[in-house]
Amino acid sequence: MSSTLPDRVSYAECSARERIARLFDAGSFREWLPPAMRVMSPHLAQLGVPAAFDDGVAIGEARLAERRVFVGAQEGEFMGGGVGEVHGAKLVGLFKRALRDRPDAVLLLAESGGVRLHEANAGLIAVSEVMRALLDTRAAGIPVIVLIGGANGCFGGMGIVARCADHLVISDIGRLAMSGPEVIEASHGVEEFDSRDRALVWRTTGGKHRFLVGDCDQLVEDDVQVFRAAAVRALDALRPLTLQSLQDEHAVLTQRLHAGEGAEDAVDLWQSLGIAHAGAVPDMNAEQVRTLRQESLA
Amino acid sequence: MSMAAGLETLQYSFTGSQAAGMFAPVLVGVVGSGNLEVLLEPSPGTACRFEVQTSARGFGSIWEAVLRDFHSRHPLAGVAVAIHDMGATPAVVSLRLAQAAAALP
Amino acid sequence: MKWTDVATQLFGNGHEIRADGEFLSGSATFDGQAIAVVGSTNHAPIGYALALRQAKVVLETIDLHPGRAIFLLIDTQGQQLRRHDELLGINRAMAHLGCCIDLARRRGHRVIGLVYDQALSGGFITSGLIADACDALPEAEIRVMRIPAMARVTKLSEDVLTALSASNPVFAPGVQNYLRMGGVRALWQADLKAGLRDALTHAATDDRRAIDGRERGGRLLAAAVVEQVLAA
């Protein structure tokens with residue numbers, strides 16, 4: 001129903017800055033290291049690639065339903081949202097500042113292929129530093145919330161960073177994974193993973209799947225205002241990492257490994273996990289999938 | 001004009017009549033394939049200065065024509081326009097420039 | 001160097017580290033203290049299952065051996081590139097391993113990683129790279145991605161990437177390069193015991209890699225940008 005409202009704005013089609021402008025309280029975003037400061041990549045010119053004034057990520061503070069939050073929004077259209085030296089350092093700075101200034105939450109609007117390959121080694125170390133800084137922020141009791149809904153998805157090292165957060169919101173067209181289907185196809189052939197089979201790609205890495213199996217906490221439609229509402233709901237979703245919580249997580253992941261034995265496809269895995277109507281899931285909308293997960297947990 | 005291993009930098013300056021005064025920097029667009037970002041900042045003097053960094057080399061005369069055309073319709077003075085381009089068409093360049101000008105106070 | 005040689009040089013013949021396929025685990029004694037060991041060999045691809053096996057060792061160490069140091073032996077060709085692993089959620093399994101190591105560190109376990117042969121990004125980003133220190137043997141190599149795959153994704157030619165890998169610090173896979181960029185803390189010379197001893201004694205518990213990168217001249221902007229954000 002909401003998809004027919006004339007004022008619905010697609011989250012996927014927005015740039016990072018448009019998402020910030022629309023998702024947070026009007027006019028509340030105050031940017032750190034804004035574009036005019038020209039804090040840019042030193043590594044791209046040598047490859048003939050133009051830099052971006054903000055190196056593909058906008059960071060700062062904002063209000064969300066009047067709560068003070070810190071924000072990092074990755075621009076998926078620039079280098080596929082890949083993390084380079086400066087981009088990564090901006091995110092590390094964001095988390096370190098959160099440790100010092102203690103906002104109510106840090107929101108990461110993630111859209112990334114992971115390490116920016118054009119910066120190779122510098123990008124890999126950068127992603128690792130982001131991971132450490134995120135976990136420090138969590139350990140200090142500041143919730144870290146990740147929103148995933150861009151056309152490029154959240155892949156590579158950022159797919160791991162996302163799963164280090166307290167709470168994940170994903171849209172039905174969003175994707176969360178580690179290796180992209182093209183890389184898998186290039187490695188092991190089209191029989192392993194046909195990257196042009198969109199339905200397969202979304203069953204394997206898409207929002208509905210990740211939400212159904214519990215890798216994401218909220219599933220939303222591709223709508224900025226719906227993302228906003230989900231982010232507001234997530235604001236106090238602190239999930240402390242303790243030995244018990246990690247042992248519980250280990251049990252869940254082990255059970256999934258066994259449930260997945262012999263599963264050729266997502267539908268097989270969903271069936272194994274006791275999710276009803278597994279075959280119909282790919283045709284379900286977000287609302288139906290939310291209901292299905294609730295029923296499966298009952 | 002200068003080149004740095006694949007990137008081309010182009011610079012143009014036109015005298016303007018529409019003083020923009022002081023304003024907060026304006027950014028429009030994104031550096032993606034077939035796209036560009038445009039940053040407008042206040043600048044001393046009466047010129048409107050353009051600096052273009054592009055991965056699509058050899059289109060200097062087209063850039064000059066597009067920028068001159070933009071400036072004839074928006075004869076800005078005291079503005080520095082910085083562009084990072086990844087092969088946008090003249091139509092997309094003109095669109096971004098118009099969006100940037102519209103965002104000026 | 002083979003893991004067995006590394007282990008023998010470090011711990012003598014009495015260590016209890018065993019290989020189960022590509023998975024290494026066990027315990028040893030170092031300078032009179034018990035140390036837990038976990039890792040991989042044969043350039044193992046790290047998939048969902050292998051990430052979980054490593055996490056289990058870390059969790060058991062936290063649970064049963066408070067304060068025991070954990071030594072990560074790293075030799076991997078990167079993450080497992082299979083649709084089944086993506087389906088199961090390899091990113092979640094990797095994050096879980098990383099969170100287990102992170103918890104171990106916060107609970108006072110020293111966690112030291114050693115790249116003793118090779119490491120590719122996804123294969124050690126939530127093990128060695130999230131430890132107190134990621135050290136390496138001088139002849140080891142660290143890569144982000146193999147050149148053919150990198151060429152496909154970046155649209156840069158294999159020739160260009162090969163040339164860059166030979167000369168450019170951002171692309172070159174040698175660990176000396178990672179050392180200079182701060183990604184690797186230290187290289188172990190012939191005396192491996194001295195290397196591990198130094199790591200256990202001197203590795204920081206906070207993330208100093210950006211500062212190291214600046215001090216060593218290999219990564220000049222990261223620390224400065226973090227400082228700018230804090231001051232903004």
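The values are calculated or read from the model by the stated rules, or taken from the named source; none is laboratory data. Not measured: the values here are computed from a predicted model. Don't worry about glycine lacking a Cβ; one is built from the backbone with ideal geometry, like all the others, and counts go over all protein chains shown.
One line per residue, one yes/no per condition, for (1) more than 9 Å from the chain's Cα centre (by Cα); (2) at the interface with chain A (Cβ under 7 Å from one of its Cβ atoms):
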site	(1), (2)
C:Leu50	yes, no
C:Leu64	yes, no
C:Leu87	yes, yes
C:Asn91	yes, yes
C:Ile101	yes, no
C:Ile130	no, yes
C:Cys134	no, no
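Would you check if B:Pro44 is outside any helix (DSSP H, G or I) and over 21 Å from A:Arg38 (Cα atoms)? Walk me through how you get there before you give the answer.
Numbers: outside any helix (DSSP H, G or I): yes; over 21 Å from A:Arg38 (Cα atoms): no.
Criteria not met by B:Pro44.
Which ones in segment C:114-140 are farther than 24 Å from C:Thr201 by Cβ, surrounded by fewer than 24 Cβ atoms within 10 Å (Cβ to Cβ) and free of Cβ contacts under 8 Å to residues at least 60 places away in the same chain? Result: C:Leu120, single match. For C:Gln54, the conditions (1) at the interface with chain A (Cβ under 7 Å from one of its Cβ atoms); (2) over 20 Å from A:Asp268 (Cα atoms) all hold with the exception of (1). List pairs: first residue in segment A:92-115 and surrounded by fewer than 24 Cβ atoms within 10 Å (Cβ to Cβ), second residue among the acidic types (Asp, Glu) and at pLDDT 95 or above anywhere in the structure, Cβ distance under 7 angstrom, at least six positions apart or on different chains. Close Cβ pairs (under 7 Å, with a partner that is among the acidic types (Asp, Glu) and at pLDDT 95 or above) amount to A:Leu99/A:Asp136; A:Pro103/A:Glu61.
Among residues of segment C:166-216 being at pLDDT below 95 and in a loop (DSSP other than H, G, I, E, B), the one that is surrounded by the fewest Cβ atoms within 10 Å (Cβ to Cβ) is C:Asn168. For C:Gly123, the criteria (1) facing chain A (nearest Cβ under 9 Å); (2) closer than 30 Å to A:Glu264 by Cβ hold in every case but one, which is (1).
Determine whether A:Gly88 is part of a strand (DSSP E or B), of a type outside the set (D, E, K, R) and at the interface with another protein chain (Cβ under 9 Å from one of its Cβ atoms).
On the way: part of a strand (DSSP E or B): no; of a type outside the set (D, E, K, R): yes; at the interface with another protein chain (Cβ under 9 Å from one of its Cβ atoms): yes.
Spelling it out, it is not the case that A:Gly88 is part of a strand (DSSP E or B), of a type outside the set (D, E, K, R) and at the interface with another protein chain (Cβ under 9 Å from one of its Cβ atoms).
Number of residues in segment A:117-141 that are in a loop (DSSP other than H, G, I, E, B) and free of Cβ contacts under 8 Å to residues at least 60 places away in the same chain: the value is 1.
Selection within segment C:66-102: residues that are out of contact with any Cys (no Cβ under 8 Å at 6 or more places or on another chain), in a helix (DSSP H, G or I) and not hydrophobic (A, V, I, L, M, F, W, C). The member of this set that is surrounded by the fewest Cβ atoms within 10 Å (Cβ to Cβ) is C:His84.
The selection criterion, being modelled with pLDDT of 95 or more, hydrophobic (A, V, I, L, M, F, W, C) and more than 26 Å from A:Val9 (Cα to Cα), does not hold for A:Leu212.
So that you can scan it fast, the table gives a plain yes or no per residue for (1) basic (Lys, Arg); (2) touching a helix residue (DSSP H, G or I) at 6+ places or on another chain (Cβ under 8 Å):
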site	(1), (2)
C:Val111	no, yes
C:Ala136	no, yes
C:Arg146	yes, no
C:Met150	no, yes
C:Val153	no, yes
C:Asp159	no, no
C:Val184	no, yes
C:Trp188	no, yes
C:Leu192	no, yes
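When restricted to residues that are more than 9 Å from every other protein chain (Cβ to nearest Cβ), aliphatic (A, V, I, L, M) and surrounded by fewer than 24 Cβ atoms within 10 Å (Cβ to Cβ), segment A:152-208 contains 4. Select from segment C:144-156 the residues that are facing chain A (nearest Cβ under 8 Å) and either free of Cβ contacts under 8 Å to residues at least 60 places away in the same chain or assigned to a strand (DSSP E or B) (or both) and write down the one among them that is nearest to the chain's Cα centre (by Cα). Here the residue is C:Val144.
For segment A:217-265, the tally of residues that are without any contact (Cβ under 8 Å) to a residue 60 or more places away in the chain and more than 14 Å from chain C (Cβ to nearest Cβ) stands at 3. At least 1 residues being closer than 30 Å to A:Asp136 by Cα is the threshold, and among the helices (runs of 4 or more DSSP H) wholly inside segment A:202-298 those reaching it are A:207-212, A:224-234, A:243-259.
Residues in segment B:66-79 that are part of a strand (DSSP E or B) and surrounded by 20 or more Cβ atoms within 10 Å (Cβ to Cβ): B:Leu76, B:Val79.
Quick check on segment C:46-65. Is at least one of its residues of a type in the set (Gly, Ala, Ser) and over 23 Å from C:Val6 (Cβ atoms)? So far as segment C:46-65 goes, yes, one or more of its residues are of a type in the set (Gly, Ala, Ser) and over 23 Å from C:Val6 (Cβ atoms). Only one entry of A:Ser187, A:Ser179 meets the criterion of being of a type in the set (Gly, Ala, Ser), free of Cβ contacts under 8 Å to residues at least 40 places away in the same chain and part of a loop (DSSP other than H, G, I, E, B), and that entry is A:Ser179. Just one residue in the set A:Phe193, A:Phe211 is closer than 27 Å to A:Arg19 by Cα and aromatic (Phe, Trp, Tyr); that residue is A:Phe211.
Has segment B:51-65 got any residue that is part of a strand (DSSP E or B), surrounded by fewer than 21 Cβ atoms within 10 Å (Cβ to Cβ), away from chain A (no Cβ under 14 Å) and of a type in the set (Ser, Thr, Tyr)? The answer is no; no qualifying residue exists.
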